[in-house]
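Right, one structure below, let's go through it.
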């Protein structure tokens, strides 16, 4: 009996809704993002590979796998090879905690929200290592910038997530999802007028800092193509670059999935009893696509900030607002609104 | 005709007066275009005078021409407000082309002098950084492509 | 008054709109009237005066022997070197050279990029 | 005392970090090299090395006839091809004492102005791309197609128009075409006004452009900056007004001058000039004189020397031709605006941040191919250095086997 359960768990982790599903969904999100970005600019976007170009990210991945893999003379060979793999593994690992087919993730334990947050900060550190190990001038500047950006966006990101945990009085992702459904009856962000006002702020902060986390315009400072030639990833080619790009796609799934989980009621939605996993997956996809739409729209709307402007903006505006928002939540809890 | 060229003639006369014997020739080519030909060691004086008297502050470029026996240098100056173009012409020896830099009067000459050095081999004394501008770093020494005796076949 | 996101209205307008991209290699595009493309040469009109070869700025025209023309010479066009300036069309006294609207001329083999009527 | 100075020097030296921008770099659309000495993100010193696209045009021009040189000069630069060709034609006309008929001059001026619209819109897109604003870049370039199509309809090509000839222009503008152009200009005017509004409103653009890459009025005058770069520094200099050529002494227009001396001023100068150019093009079309468009030009030109200037989209363009009585010029000298703006841009870059490099470099609207002018095709002997891909690949592999390792090592030592 236990063997079968273990087998099911392994299947869940490896195939659905684990690694394979997430990778495929990551490619789909990348296509969705690119296509939308193109439509915002009145372009076509990818259109050749598969229907409407849906297979383009996959084709890019295969192409990169077949490309020449160069390790620079000055690079730290071990670190240079290890970081892409580690980044890929870490980003896959975080996804196991995101509820997709049911109200809890594949892995779930009390306090897993903190654990996920901790692992997601490792993204930033790994990017710094990636730049540092390649030993290129541009990637060293990219590393510097990643480090600076990291200390700016990580705090509001965590604060906005924690404020959600505060109201649910739990650090377990499953409980937060259940709280939204059972206690509020609706996703957090639209449950009541009060939660709408308070959590719209948290949601906006979350989106802005996740733009920085995903290194998208206006915060694509560490890889700014026209300035430092793509920064920390300038020396990566072939398979390593393919892994990095896949990891970026997975990060996109993670960020939009976490947003859906925390603010939009997780994968929960109207469904036929007995077919919950199917409907939940569909609801998850719809909700993440909504988040992706907002992110794509934001990234096509701005010019890139300078690193000093970005750090100043985050510390001057975003972090104080995030702290005020947490205080507001505390006060509301004290008054017994929640 | 005389009325039209009176301003240009006035410019030429003023140069003649100041430079005296060092003034070789002055002629007008087109509207408000004055060419002043001076001897080798007076060109800087002429340039300074053009800058001070006629406020021709804009050094457009320096043209070098290989005439066969000599190398001719043309300093094209512009005074935008009265659309006056003054060209100071001077000739230097072709076998040992050396002349003082004018970058102390016109800082923009730094680039143009490097270009003339690169293509014609004129050495500008006092230029802080007289290196290749347009030619590659491994270009052979003493080969100057804009001289008339240089043919592209020599590069093979 | 300035704020981030001034383009937002314009962007949302683009979502239902058809993209401005012309799907060129899949959907052919016509060059406009008077376009300077591939050279069309009419040997019947040619008298072999060599004016085109003399005036060609890039040396894309060579005169070769041919008995059909008056001066026993005719131009051979190497359009891999051609600038498409239309100077040959302009100087031709008999209007034997004409630039057409054809523009897809790329080839892997330089030897094939010759007009030799 | 000495010791202190020495220690200070050492640490300063150690903190110096050199980044090469170019010969190939996404911020530069052409091949040039700028080496930046930086302290953290701050730029301390700039060194440039140009000449990667030197094609020897001035030498080549001496072996070509006056007519052939038309098309050679056109290919000095892709974006301002009409400015080069027109300037050459006008210099050659002055050289031979030929006057182009008024209709020809008007059409020539129209092409110059349409080219300015196309060049400035191109620049606006590139500038947006340099600051990471790709959406703006795509939209501007989409609308630039309108003026490209107009130019293609008039001349038969999108980039190298080949409209000018010595003694006039080569194609006439029919009434039907005139109507089409006027319609296109209306669209362009509306869109350009919208983009100007966006530039003034969008906070992220202002954050990147305002107070960046300062070139004061004194520096601009001293270093002889030209064109929009000088005008953005408050220097009222425009060859079209100062030394009128073509039909510019008849066409009414304003010289756009901004005095904030930063990149934003350079953006606004160019956008406003685009609007001004649209107005001028309309005026020229409405006041097009009747008559011939070209006159004859002698094959041989008597001994003479002439210089002339044109306000190209990037600034003052200078041609000098000396003739020697044959059908080929004795000397052809070209001074492109980018070369004149090279020292000013180095001045601007000092004190900027690394992030500002692309936009400040782009701020002068550099055209490096223009600046270098070079390639060794020998027309006389018929020898050509044109290689097919196979040969090129073979050569590159051979070269890298011989030199690759040491070049990389040397780069790293720097």
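The values are calculated or read from the model by the stated rules, or taken from the named source; none is laboratory data. The model shown is predicted, which means the values in this text are computed figures rather than measured ones. A quick note on method: Cβ atoms are made from the backbone with ideal geometry, for glycine too, and the neighbour counts reach across all protein chains shown.
With respect to residue A:155, determine if the residue is touching a residue at least 60 places away in the same chain (Cβ under 8 Å) and more than 18 Å from the chain's Cα centre (by Cα).
No, not satisfied.
Tell me, please, whether a residue that is more than 10 Å from every other protein chain (Cβ to nearest Cβ) and more than 17 Å from the chain's Cα centre (by Cα) can be found in the stretch D:74-88.
no
So, in the stretch D:243-278, how many residues would count as being assigned to a helix (DSSP H, G or I) and either touching a residue at least 40 places away in the same chain (Cβ under 8 Å) or surrounded by 21 or more Cβ atoms within 10 Å (Cβ to Cβ) (or both)?
Number of matching residues: 15.
Across the stretch B:63-80, what is the total count of residues that are within 11 Å of chain D (Cβ to nearest Cβ) and either closer than 20 Å to residue B:15 by Cα or part of a helix (DSSP H, G or I) (or both)?
Of the residues in the stretch B:63-80, 7 are within 11 Å of chain D (Cβ to nearest Cβ) and either closer than 20 Å to residue B:15 by Cα or part of a helix (DSSP H, G or I) (or both).
What number goes with the only condition from (1) in contact (Cβ under 8 Å) with a residue 40 or more places away in the chain; (2) away from every other protein chain (no Cβ under 14 Å); (3) buried (at least 17 other Cβ atoms within 10 Å of the Cβ); (4) under 22 Å from residue A:173 (Cβ atoms) that residue A:246 does not pass?
For residue A:246, the failing item is (4).
Residues to consider are A:261, A:226, A:288; find the one that is buried (at least 22 other Cβ atoms within 10 Å of the Cβ) and within 30 Å of residue D:34 (Cα to Cα).
A:226
Conditions first: (1) surrounded by fewer than 20 Cβ atoms within 10 Å (Cβ to Cβ); (2) touching a helix residue (DSSP H, G or I) at 6+ places or on another chain (Cβ under 6 Å). Residue A:12 passes all but one, so which condition is the exception?
The number of the failed condition is (2).
Filter the stretch C:57-78 down to residues that are away from every other protein chain (no Cβ under 14 Å) and part of a loop (DSSP other than H, G, I, E, B) and give me whichever is surrounded by the most Cβ atoms within 10 Å (Cβ to Cβ).
Looking at residues that are away from every other protein chain (no Cβ under 14 Å) and part of a loop (DSSP other than H, G, I, E, B), I get C:69.
Are any of the residues in the stretch A:289-301 within 14 Å of another protein chain (Cβ to nearest Cβ), touching a helix residue (DSSP H, G or I) at 6+ places or on another chain (Cβ under 8 Å) and part of a loop (DSSP other than H, G, I, E, B)?
yes
When you look at residue D:316, is it part of a strand (DSSP E or B), surrounded by 23 or more Cβ atoms within 10 Å (Cβ to Cβ), within 12 Å of the chain's Cα centre (by Cα) and more than 10 Å from chain B (Cβ to nearest Cβ), yes or no?
no
Specify the residue that is farthest from the other protein chains (Cβ to nearest Cβ); the eligible residues are those in the stretch D:180-229 that are in a loop (DSSP other than H, G, I, E, B) and over 28 Å from residue D:279 (Cα atoms).
That would be D:214.
Quick check, is residue D:301 in a loop (DSSP other than H, G, I, E, B), within 14 Å of chain B (Cβ to nearest Cβ) and buried (at least 18 other Cβ atoms within 10 Å of the Cβ)?
yes
Output the residues belonging to the stretch A:302-316 that are part of a helix (DSSP H, G or I) and within 12 Å of another protein chain (Cβ to nearest Cβ).
Hits for the stretch A:302-316 are A:307, A:308, A:309, A:310, A:311, A:312, A:313.
Please work out if residue B:6 is in contact with a strand residue (DSSP E or B) (Cβ under 6 Å, 6 or more places away or on another chain) and surrounded by fewer than 16 Cβ atoms within 10 Å (Cβ to Cβ).
No.
Looking at A:79, A:18 in this structure, which one is touching a residue at least 12 places away in the same chain (Cβ under 8 Å), in contact with a helix residue (DSSP H, G or I) (Cβ under 6 Å, 6 or more places away or on another chain) and surrounded by fewer than 18 Cβ atoms within 10 Å (Cβ to Cβ)?
A:79
Could you tell me whether the stretch C:25-37 includes any residue that is modelled with pLDDT of 85 or more, more than 14 Å from every other protein chain (Cβ to nearest Cβ) and closer than 30 Å to residue A:38 by Cα?
Within the stretch C:25-37 (the criterion being modelled with pLDDT of 85 or more, more than 14 Å from every other protein chain (Cβ to nearest Cβ) and closer than 30 Å to residue A:38 by Cα), the answer is yes, since at least one residue qualifies.
Is it true that some residue in the stretch D:288-296 is in a strand (DSSP E or B) and touching a helix residue (DSSP H, G or I) at 6+ places or on another chain (Cβ under 8 Å)?
yes
Go through the stretch D:92-138 and count every residue that is in contact (Cβ under 8 Å) with a residue 40 or more places away in the chain, within 8 Å of another protein chain (Cβ to nearest Cβ) and either within 21 Å of the chain's Cα centre (by Cα) or crowded, with 24+ Cβ neighbours inside 10 Å (or both).
5
Could you list, in sequence order, the residues of the stretch D:325-344 that are more than 10 Å from chain B (Cβ to nearest Cβ) and without any contact (Cβ under 8 Å) to a residue 40 or more places away in the chain?
D:325, D:326, D:338
Could you list, in sequence order, the residues of the stretch D:50-73 that are in contact with a strand residue (DSSP E or B) (Cβ under 8 Å, 6 or more places away or on another chain) and more than 8 Å from every other protein chain (Cβ to nearest Cβ)?
Within the stretch D:50-73, D:52, D:53, D:55, D:57, D:61, D:62, D:66, D:73 qualify.
Specify which of the listed residues (C:89, C:102, C:111) is out of contact with any strand residue (DSSP E or B) (no Cβ under 7 Å at 6 or more places or on another chain), more than 9 Å from chain D (Cβ to nearest Cβ) and not in a loop (DSSP other than H, G, I, E, B).
C:111
Going through the stretch A:116-130 one residue at a time, which ones are at pLDDT 85 or above and either crowded, with 17+ Cβ neighbours inside 10 Å or not in a helix (DSSP H, G or I) (or both)?
Matches in the stretch A:116-130: A:116, A:117, A:120, A:126, A:127, A:128, A:129, A:130.
If we keep just the residues of the stretch D:17-36 that are within 12 Å of chain A (Cβ to nearest Cβ) and in contact with a strand residue (DSSP E or B) (Cβ under 6 Å, 6 or more places away or on another chain), which is modelled with the lowest pLDDT?
Only one residue tops the list, namely D:22.
Consider the stretch A:55-76. How many of its residues are within 14 Å of chain D (Cβ to nearest Cβ) and surrounded by 18 or more Cβ atoms within 10 Å (Cβ to Cβ)?
So the answer is 2.
Of the numbered conditions (1) on the phi > 0 side of the Ramachandran plot; (2) at pLDDT 90 or above, residue A:26 satisfies every one except a single condition; which is it?
Condition not satisfied by residue A:26: (1).
Got at least one residue in the stretch B:89-108 being surrounded by fewer than 20 Cβ atoms within 10 Å (Cβ to Cβ), free of Cβ contacts under 8 Å to residues at least 24 places away in the same chain, away from every other protein chain (no Cβ under 14 Å) and not in a loop (DSSP other than H, G, I, E, B)?
Within the stretch B:89-108 (the criterion being surrounded by fewer than 20 Cβ atoms within 10 Å (Cβ to Cβ), free of Cβ contacts under 8 Å to residues at least 24 places away in the same chain, away from every other protein chain (no Cβ under 14 Å) and not in a loop (DSSP other than H, G, I, E, B)), the answer is yes, since at least one residue qualifies.
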